[in-house]
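Inspection log for the structure reproduced underneath, given as C-alpha cells.
The values are calculated or read from the model by the stated rules, or taken from the named source; none is laboratory data. The model shown is predicted, which means the values in this text are computed figures rather than measured ones. Neighbour counts run over all protein chains shown; Cβ positions are idealised from the backbone, glycine included. Each accessible area value is taken on the protein alone, full model and side chains, heavy atoms only, with ligands, DNA and RNA left out. Shrake-Rupley method; radii C 1.70, N 1.55, O 1.52, S 1.80 Å.
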Amino acid sequence: MATVLTPRDYKSDVHINWCPGCGDFGIVNAIQMALAELKLPPHRVAVFSGIGCSGKTPHYIHAYGYHTLHGRVLPVATGAKLSNKDLTVLAVGGDGDGYGIGSGYFVNSGRRNVDITYIVFNNSVYGLTKGQGSPTLKKGLRTKSMPEAAIQDGINPLALAVSSGYTFVARGFALDPRGLAGLIAAGVRHRGSSFIDVLQTCPTYNDLYTAEWYNHTQAGGPRLYRLAETGYDGKVKDPADADEVVAKKVQAIAKSYEWGEKIPVGVYYEVDLPTYEDALADRNPRYGQEALVDTDFADRDVDPLLDALR
Amino acid sequence: MGHDDLTWLIGGPQGGGINAAAEGFAKAATRAGYRVIANIEYHSNIMGEHSYYRVRVGQDGRRNVSERVHVLVALDDETLVGERHAAFPGFKGHVQEVVPGGAVVFDGNDDPGEHGDDVLLCPVPYLELLEQALKGSSREGQAARLKVMTNVVAVGASLALMDFDLPRYQDSLRAEFGGRRADLGELNAKAAALGYEYVRERFADGFAFRLPRVAPPKGRAPLFIRGPQAAAIGKLKAGLGFQSYYPISPATDENVYLEAHQRDQGLVVVQTEDEISAINMAVGAAHAGVRSSTSTSGPGLSLMVEGLGFAAMTEAAGPVLVLWSRGGPSTGLPTRQEQADLRFALQPGHGEFPHLLVAPGDVHEIVRDAYEAFNWADRYQMPVLVLVDKALGTTYVTTDDLGLDRLPPIDRGARFHESANGNAKEDYLRYDFSEGNVTPRSVPGQAGGIYWSTTDEHDPRGHITEDAENRIRMQEKRMGKLDLALREIPADRFLTLHGPKNADITIVGWGSTKGPILDALEILAREDKVKANFLQVRIMRPFPADAVAAILRAAKKTVLVECNYTGQLGLLIREQTGIALDQSIVKYDGRPFSEEELLDGLRHVIAEGPGRLMVSHRLG
C-alpha cells in the first residue's frame with residue numbers, strides 16, 4: 001500500500017451520474033480530502049448512505065460502501081460500528097432522508113453517541129423524485145418544480161442535533177470543499193456522534209438557494225461566514241460542568257437560528273463525553289480490548305444459564 | 001399409590017405475584033422428580049386483569065395442558081366465578097373446570113360460586129395465616145404491605161391436598177430470596193407451612209388426587225424451561241454477537257433474557273427506537289461480520305420487512321429474526337396464541353427475494369433451529385426467520401437435556417481471504433456470479449476485500465446497474481440459493497413424520513401444536529384404537545414439496561390442525577403440491593389447543609366427512 005495517501009486513493013472508478021454543477025460533487029471531494037488528511041487506509045473505512053442523490057455517494061468512494069434504505073442509514077451504520085469499533089464509519093444522506101423519513105433515527109442516534117460521523121446533504125428539495133419540498137424548506141417558499149408554496153414549515157437541523165445529544169455539531173458548505181474537508185476531518189477525529197449539516201446547491205430543482213444566492217447577499221458580500229473567525233467558541237471546556245454544557249448548547253441553538261443575510265458555518269457545538277462503545281466496554285471489558293467481529297464465541301459456556309433453569 | 005397426572009391451576013390478578021407463585025411450585029415439582037408442563041394465560045395489562053397458570057404434574061411428561069383441573073388455587077374472586085362486571089362477560093370462572101373429587105383452595109372471605117357436588121371446598125384465611133407467619137419477626141404487623149405473600153400461603157395450602165413434599169417447595173422459596181432478603185425467604189417458607197398445616201388438618205384427609213412420591217433425579221435436576229430461554233441459548237451457542245430489539249410482547253422475554261446476559265456472555269444487546277431501527281442495526285452488524293439477530297412479533301415484523309429485503313438484496317449473512325407470533329391482525333391479541341403469521345413470514349416484503357423460514361415445535365427444536373439459523377444465514381448469505389408461536393413462549397416444560405452436545409459445528413460459509421494483491425483497487429467482486437450462487441464474502445476492515453453494496457440492482461462489483469442481462473443473472477444468483485439450500489440441508493431437517501408410517505389418519509401441523517398432537521396420537525391409539533400419524537412441517541421455505549407430496553399421497557385421510565382461521569399451512573401445501581387436505585381443525589380464539597379440545601376435534605373429524613371444524617376453549 002502506498003505510504004502517502006491522496007484524495008485520489010479514495011476515488012472509485014464509477015461514473016458519477018449527478019447533474020452537472022451539483023453541489024454533491026463538492027461534498028464527495030471534501031470526504032476524499034478529509035480521508036487523505038486523516039491518512040486512513042481505505043479498507044479501514046466504511047461509508048453508509050440512505051436513498052436519494054446523496055445515497056449514491058459510497059459508490060464514488062474507494063472504501064467499503066453500503067447504499068442502504070431510505071431514512072435508515074444511521075441504524076445500519078450503528079450496527080456496523082458497534083460490531084467493529086476499529087472501523088471509521090461515515091454515514092451520509094440527504095435532508096429528506098435524514099430529517100423526514102429518517103427523523104426518528106436522527107434524534108435517537110444522538111442519544112447514543114456512537115463514534116460515527118453523519119453528513120447530511122441539505123438542499124431543501126427531494127431531487128431524485130424531481131423537486132418536491134423537503135423538511136428544511138421554510139414555510140411560504142416555493143422552488144421551481146413545486147406546484148404550490150410550502151405550507152409546512154422547515155425544521156432547524158442544528159438545533160435538533162444539539163438537543164438530541166450529538167456531541168459534535170457543525171455546518172459546512174458544499175461549494176467550499178476545502179473548508180468542508182476540515183470539518184469532516186474534525187468530525188471523524190471527534191470521539192462520539194458527529195453531525196455535519198452541509199448546505200448544498202441543487203442547480204436542477206432549487207432555484208432559491210443557488211450558488212449565486214449563497215455567494216452574494218443583496219448588499220453584495222457572501223452570506224456565509226466562518227464562526228471561528230468571529231471568536232465564537234462552541235467547545236465545552238469541562239464536560240462535567242453542567243452549567244457550561246447548557247450554556248454552550250443554548251449558544252449553539254441561538255446561533256443556528258441565524259439565517260438570511262448572514263449564515264454561519266463551522267463548529268456550533270462540541271463536547272467530549274463517553275461514547276456508547278465506552279459504555280459497552282464498561283459492561284464488558286473484552287469489548288474495549290478487541291472488535292466484536294474478532295471475538296471468538298465458539299467456546300461459549302452456557303452451563304451457568306442452564307443451571308439457573310434447574 | 002397416588003394419582004399420576006394432576007392439573008393444578010392458580011388464578012389471580014395480574015401483577016399480584018402469580019407467576020412467581022406458580023413457577024415456585026412448578027420448579028419445586030421438577031426438582032422433586034416429576035415431569036411438569038406449565039402454561040400461563042394473561043392479558044395485555046400491567047396490573048389487575050385476570051391471569052392464570054396451569055401446571056400439569058406427572059411422571060410421564062405430557063406435552064399439552066388439560067382442561068380438567070384437580071386442584072384450583074384462587075387468589076381472588078374472579079378466578080372462582082369469572083367477570084362479574086364486564087359488558088360482554090366471556091370468562092365464567094375456573095370452578096367449573098374442577099373435576100369431580102377435585103378441590104378449590106380460596107380465601108375464606110370469597111364466595112366460591114356454583115360448583116359440582118363432588119368438589120371439595122377449602123376456604124383458607126390467607127391474611128390471618130400470613131399475620132401469624134410474620135409474628136415475632138422484624139416484619140410483624142406488615143401483612144397488608146406484604147399481601148403478595150398470601151400467594152405462598154395459598155400454594156402451601158394446596159400442597160397439603162396433593163401430599164406434595166412441603167420442604168421441597170420451601171427450598172425453592174428460599175432460593176428466590178438471597179442476601180439481604182434472606183429473612184423474606186424464611187418468612188415465606190413459614191407462611192407456606194402455615195397454609196399447608198391449615199389444610200392438612202381440616203381438608204386433606206381422603207383427598208383423591210395425591211401425587212405419588214417419586215425418587216428425586218440423580219445428579220443434576222432437569223431443566224425447567226420455555227421458548228424464549230431456549231431461543232436465547234441456541235443463539236448464544238451459535239456465537240451471537242449482536243442483538244437489537246424494540247420491546248413487544250411476546251418477544252420481549254427473549255430479548256430481556258439476552259440483555260441480562262450481556263456481561264457474562266460478551267454480546268451486545270441494543271434496545272432501539274423502533275423495529276425498523278432494530279432490523280437495520282442487525283443488518284449492519286451482519287455486513288460487518290458479526291452473527292446478529294433481532295426478535296419481534298407480528299406488528300414488529302410489519303415494520304421490519306424492508307430491512308429483510310435489504311438484507312436479502314445485499315446478500316448479508318443474516319440477520320436471524322425470531323418471530324414470536326401472537327394473535328393478529330393489527331395489534332390483535334398481544335398476549336395470546338395464534339399461528340396466523342405463517343403466510344406473512346413466507347413473503348415478508350415486496351419483490352422477490354430469498355430467505356429461509358423454519359418453525360420449531362418445542363424447546364429442543366427451538367434451540368436447534370435458533371442455532372442452525374446462523375449457519376444457514378452465513379452459508380446462503382440471506383436472512384433467516386425462525387417462526388415460534390406464542391404458546392411455546394409461555395409454556396414451561398421439564399426436560400433433561402437440550403441436545404447442546406449434538407448441535408452441528410459452526411459453519412461461517414464461504415469467506416474471502418486477503419489476496420496476494422493486498423489493497424489493489426477493485427479486484428474483488430463481492431457479487432461475482434461466475435462461480436455459483438454464493439460468493440465468498442469479505443467484511444469491512446479486511447484489506448483487499450473492499451466492496452460496494454446497494455439495495456438497487458447491482459453488478460458483480462456492487463454498483464448500481466439497470467442492465468437487463470445483469471438483472472437476470474443477479475436475480476438467478478440470489479433466488480438460486482434457495483434451490484441450493486433445498487439440496488444441501490438434510491431431508492430430516494425439513495419435516496418429520498411422527499408415529500407409524502402407515503396410518504388410518506394423517507394429521508398435518510407445525511409449531512406449537514407438535515406436543516399436543518403427539519399426545520393425541522398416543523391417546524387415540526390407546527383409547528380409540530385409531531392408528532394415526534403426524535406430519536410436522538418445519539422448514540417452510542424452501543418448501544420440501546416432493547417429500548410432503550409423497551407422504552400425503554400415501555395417506556388415507558388427512559387432517560390439518562392449526563391455530564388460525566384460514567389453515568395457512570394447508571394453503572401452502574396446496575400451493576406447493578396441488579394437494580388439498582381432506583379436513584381441518586382450526587382454532588382462533590387466542591388460546592392454545594387443550595388436550596380435550598384437540599381430542600374432541602379429532603374424534604369428530606374421524607367420525608364425520610370432509611370439512612372444516614372450528615374448536616374453542618370452553619373457559620378462560
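Things worth noting here:
- Convex hull per residue volume in Å³, alpha carbons only, for segment B:568-620: 80 Å³
- Surface exposure of segment B:1-97, expressed per residue as accessible area with a 1.4 Å probe, stands at 37 Å².
- Within segment B:492-614, percent of DSSP bridges classed antiparallel, to nearest 5: 20 percent
- Extension gain, residue B:45-residue B:201: 0.36 nm per intervening residue step, less the Cα-Cα distance, totals 52.3 nm.
- Over segment B:36-172, the hull volume per residue, using the convex hull of the C-alpha atoms, is 145 Å³.
- Antiparallel DSSP beta bridges within the protein assembly as shown, percent to nearest 5: 30 percent
- List of segment B:428-454 residues, accessible area with partners at least 40 Å² below that of the chain alone (1.4 Å probe): B:444, B:445, B:450, B:451, B:452, B:453
- Restricting segment A:1-60 to trypsin sites (Lys or Arg not before Pro) that sit in a DSSP loop and have at most 14 other Cβ atoms within 10 Å of their own Cβ leaves A:39.
- Annotation for segment B:459-511 versus segment B:84-105: alpha-carbon center distance of 48 Å.
- Solvent-accessible area, 1.4 Å probe, carbon plus sulfur percent, for segment A:7-307: 54 percent
- Candidate lysines - alpha carbon under 30 Å from residue A:39, same-chain residues fewer than 8 apart omitted: A:11, A:56, A:81, A:85, A:235, A:237, B:425
- In a reduced charge model with +1 at each Lys and Arg Cβ and -1 at each Asp and Glu Cβ, segment B:225-406 shows a dipole moment near 60 debye about its Cα centre.
- Relative to the Cα centre, the charge distribution of the protein assembly as shown, modelled as +1 at Lys and Arg Cβ and -1 at Asp and Glu Cβ, gives a dipole magnitude of about 1180 debye.
- Contact with the other protein chains removes 50 Å² or more of accessible area, compared with the isolated chain and a 1.4 Å probe, from these residues of segment A:59-81: A:59, A:62, A:64, A:66, A:67, A:69, A:72, A:75, A:76.
- Size descriptor, Kirkwood hydrodynamic radius, that averages inverse alpha-carbon separations across the protein assembly as shown, Å: 30.5 Å
- For chain B, the fraction of C-alpha pairs farther apart than 37 angstrom is 40 percent.
- Considering only chain B, percent of DSSP beta bridges that pair antiparallel, nearest 5: 40 percent
- For chain B, the carbon plus sulfur part of the accessible surface works out to 49%, probe radius 1.4 Å.
- Beyond 24 Å, the tail of the calculated P(r) for segment A:7-307 holds 51 percent of the Cα pairs.
- The string of couplings for segment B:35-40 from the Karplus curve (6.51, -1.76, 1.60, θ = phi - 60°) is 9, 10, 10, 9, 10, 9 Hz, one whole number per residue in order, with x for Gly and Pro.
- Summed buried accessible surface, chains B and A, 1.4 Å probe, nearest 100 Å²: 5200 Å²
- P(r), alpha carbons of segment B:226-323 - 10 Å bins starting at zero, rounded %: 18, 55, 26, 1
- Neighbour-limited loop hits for trypsin sites (Lys or Arg not before Pro), segment A:101-138 (at most 11 other Cβ within 10 Å; DSSP other than H, G, I, E, B): A:130
- Helix axis angle, B:363-380 relative to chain B longest principal axis, alpha carbon, degrees: 10 degrees
- Solvent-accessible area lost in complex, 40 Å² minimum, residues of segment A:277-309 relative to chain alone, 1.4 Å: A:283, A:284, A:292, A:293, A:297, A:300, A:302, A:305, A:306, A:309
- Accessible area per residue in Å² at 1.4 Å probe, computed on segment B:414-489: 45 Å²
- Electrostatic dipole magnitude of segment A:7-307 [Cβ: Lys, Arg +1; Asp, Glu -1; Cα centre; debye, to 20]: 960 debye
- Under-5 Å amide H pairs with residue A:11, H placed in peptide plane, nonlocal only: A:62
- Amide H within-cut-off set for residue B:14, under 5 Å, with H built and near neighbours excluded: B:48, B:49, B:50, B:51
- Principal-axis tilt of helix A:24-38 within chain A, Cα atoms, nearest 10 degrees: 40 degrees
- Segment A:49-110: projected area of the alpha-carbon convex hull, averaged over directions, in nm²: 3.9 nm²
- Semi-axes of the equivalent ellipsoid for segment B:225-406, Cα gyration tensor, largest first, Å: 21, 19, 15
- Rg then Dmax, both in Å and based on the Cα atoms of segment B:404-548: 23.1, 74.
- Calculated SAXS-style log₁₀ I(q)/I(0) at q = 0.13, 0.14, 0.15 Å⁻¹ - segment A:162-291, Debye, Cα scatterers: -0.63, -0.71, -0.78
- Å² of accessible area per residue within segment B:492-614, as computed with a 1.4 Å probe and no ligands counted: 38 Å²
- Between 0 and 90°, nearest 10: helix A:177-189 axis offset from chain A longest Cα axis: 20 degrees
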